[in-house]
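Enquirer: Here it is: the structure, laid out below.
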Amino acid sequence: MPMIPAIELQTSPAGLVAAAAALAAGAPLFSGGLRALRLRRALGRLRPCGVSELPVGLAHVTGAVALDSPLFSPLGGHACAAFRLEVVGQEGALSAAIEVARPFRLVEGGRVARVRPEGARFDLQESARREIGAREPLSENLLALLERSPEAMWFRRSGGTLTLVERILAPGAVCHVIGTARQSAHAASFAELELQATGTGDAVAVAAAPADEGPDLWLDAGDHLAYLRVSDRAPAPAALRVPAWRTLGAFLGPALSLGGLLYLAHAADRLRASGGF
């Protein structure tokens, strides 16, 4: 029977660099892919619920918006919990989107959820639209917002007309928030008030008293899934689908790390065999 020659893997400086890069990239790729895989499964099982149902974990919570400290929208001057300013260039193409938000509350059935909007994706209906010429003066607030977008400022300096589209989350609007829900301490239990015994060996009486006032729920992106979506209308099922390609990192990440590790181990063996160390 003929002998099958062994395949000798040749090492090189470029190969070592590539192996080290694969080893370093594997972990974050795996982490992102695993998060996307978990999110894809969780969103597929999600159903809307009210604040009064006190959900825990990833939840789709609905309620009316109440302001803590209001923002004022840049075009319409409306009080709001959040606004999204879209900069539209030539041919109607979106060139930039600037989002500003503050913590706000959802109220439903006598219960309150407080939303931390950091990292949120906002899907809001249009509230105002305005065209701005290259020579048109801007308010200090609007100019500061546009300066966050280098593309918008470049287009303005080049003499183009900007179309600004404003979208706001208005107080009283029915809001849909998808994020990680956590019950506050006073919603999960009652503070116990211990009454002193009479001194005759009687059992200690315990009464329930409400804890300090505060929100019943906290809603944010969460550390586990890092997902928060805020909308002033029910999201379409297609908007909640996580693309399958985003989950590939859960499989490619370990393969990259393993390949890089095997290459580096082989290079170390060759160096040891040649007396390098």
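The values are calculated or read from the model by the stated rules, or taken from the named source; none is laboratory data. Source: prediction; values computed, not measured. Heads up, the Cβs are rebuilt from the backbone with ideal geometry, glycines too, and the neighbour counts pull from every protein chain shown.
Enquirer: Inspect all residues belonging to the stretch 22-44 and state whether any of them is assigned to a strand (DSSP E or B) and free of Cβ contacts under 8 Å to residues at least 12 places away in the same chain.
Expert: Among the residues of the stretch 22-44, not one is assigned to a strand (DSSP E or B) and free of Cβ contacts under 8 Å to residues at least 12 places away in the same chain, which makes the answer no.
Enquirer: Follow-up. Being surrounded by 11 or more Cβ atoms within 10 Å (Cβ to Cβ), at pLDDT 85 or above and under 18 Å from the mean Cα position of the chain (by Cα) is the requirement here; does A36 meet it?
Expert: Values: surrounded by 11 or more Cβ atoms within 10 Å (Cβ to Cβ): yes; at pLDDT 85 or above: yes; under 18 Å from the mean Cα position of the chain (by Cα): yes.
Here the answer is yes, as A36 does meet what is asked.
Enquirer: Can you pull out every residue in the stretch 148-173 that is closer than 19 Å to G77 by Cα and exposed (fewer than 12 other Cβ atoms within 10 Å of the Cβ)?
Expert: Residue satisfying the conditions is G172 alone.
Enquirer: Name, by its number, the condition in (1) without any contact (Cβ under 8 Å) to a residue 40 or more places away in the chain; (2) out of contact with any Ser or Thr (no Cβ under 7 Å at 6 or more places or on another chain) that does not hold for A81.
Expert: (1)
Enquirer: Restricting the stretch 43-68 to residues that are in contact with a strand residue (DSSP E or B) (Cβ under 9 Å, 6 or more places away or on another chain) and of a type in the set (G, A, S), which is nearest to R111 (Cα to Cα)?
Expert: If we take residues in the stretch 43-68 being in contact with a strand residue (DSSP E or B) (Cβ under 9 Å, 6 or more places away or on another chain) and of a type in the set (G, A, S), then S52 is nearest to R111 (Cα to Cα).
Enquirer: Looking only at the stretch 231-277, filter to residues that are polar (S, T, N, Q) and in a helix (DSSP H, G or I); which one of those is surrounded by the fewest Cβ atoms within 10 Å (Cβ to Cβ)?
Expert: S257
Enquirer: If you take the residues in the stretch 174-189 that are surrounded by fewer than 15 Cβ atoms within 10 Å (Cβ to Cβ) and part of a helix (DSSP H, G or I), which one is modelled with the lowest pLDDT?
Expert: Initially, the stretch 174-189 is screened for residues surrounded by fewer than 15 Cβ atoms within 10 Å (Cβ to Cβ), giving 174, 185, 188-189.
Applying the additional criterion that residues be part of a helix (DSSP H, G or I) yields 185, 188.
Details: A185: 68, A188: 52.
Out of the qualifying residues, it is A188.
Enquirer: From A59, A42, grab the single residue that is over 12 Å from C175 (Cβ atoms), at pLDDT below 90 and within 21 Å of the chain's Cα centre (by Cα).
Expert: A42
Enquirer: If you don't mind, another one. Name the strands (runs of 3 or more DSSP E) wholly within the stretch 74-139 that hold at least 2 residues that are in contact with a Phe, Trp or Tyr (Cβ under 8 Å, 6 or more places away or on another chain)? Spell out the reasoning first.
Expert: Values: elements: 82-88, 94-101, 104-108, 111-115, 121-123, 126-132.
In the stretch 74-139, the matching strands (runs of 3 or more DSSP E) lie at 82-88, 94-101, 111-115.
Enquirer: In the set A152, A134, which member is under 13 Å from V88 (Cα atoms) and touching a helix residue (DSSP H, G or I) at 6+ places or on another chain (Cβ under 6 Å)?
Expert: It is A152.
Enquirer: Pairs, please: C-beta under 6 Å, at least 6 apart or cross-chain, first residue of a type in the set (S, T, N, Q) and in the stretch 245-268, second surrounded by 15 or more Cβ atoms within 10 Å (Cβ to Cβ) and assigned to a helix (DSSP H, G or I)?
Expert: Qualifying pairs under 6 Å: T247/G33; T247/A36; T247/L37; S257/L23; S257/G26.
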